[in-house]
Amino acid sequence: FFLSPSSLTYQQFMNLQSWDEFVDLEHDLLDEVTFVHIKVQSSRGRKKLTTCSGIPAEINLPKLLKALKKEFATNGLIREHSEHGKIIQLQGDQREVLRSFL
């Protein structure tokens, strides 16, 4: 059993106080909450397009798109939107599988 000095002090160990190593991580994650919006649009006739916007900037969109296309066996592309920035468009109604993938 190894105690790192940064995560637990000797006094905390001797008093058998509980500590949570992930407290700082949870606070950092709550500060950076972003919502990813998944929508379906109808195009010509019965054709559908699934759009995904609000993806954080640190995500590599071309790599994500390649994985989505391979996983869902569909075509897709990255578009620049005036309000939402870069969005991913996939052919077909991919809402549920996209939600579970992300």
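For a footprinting-style exposure proxy, rank Ser53, Ser43 by other Cβ within 10 Å, fewest first.
Ser43, Ser53
Just to confirm a number: summing +1 for Lys and Arg and -1 for Asp and Glu over residues other than Ile87 whose beta-carbon lies under 12 angstrom from that of Ile87, what do you get? Could the numbers behind the result be given before it?
Numbers: positive: Lys39, Arg79, Lys86; negative: Glu80, Glu83.
Net local charge, Ile87 excluded: +1.
Placing +1 at every Lys and Arg Cβ and -1 at every Asp and Glu Cβ, with all other atoms neutral, what dipole size does the range 35-101 have around its Cα centre, in debye to the nearest 20? Can you show the working numbers first?
On the way: 13 positive and 6 negative charges, 66 e Å.
Approximately 320 debye in magnitude.
Values in this text are rule-based calculations from the coordinates and carry no lab data. Since we're looking at a predicted model, the values are computed, not measured. Cβ: placed from backbone, ideal geometry, glycine included. Neighbour counts: every protein chain shown.
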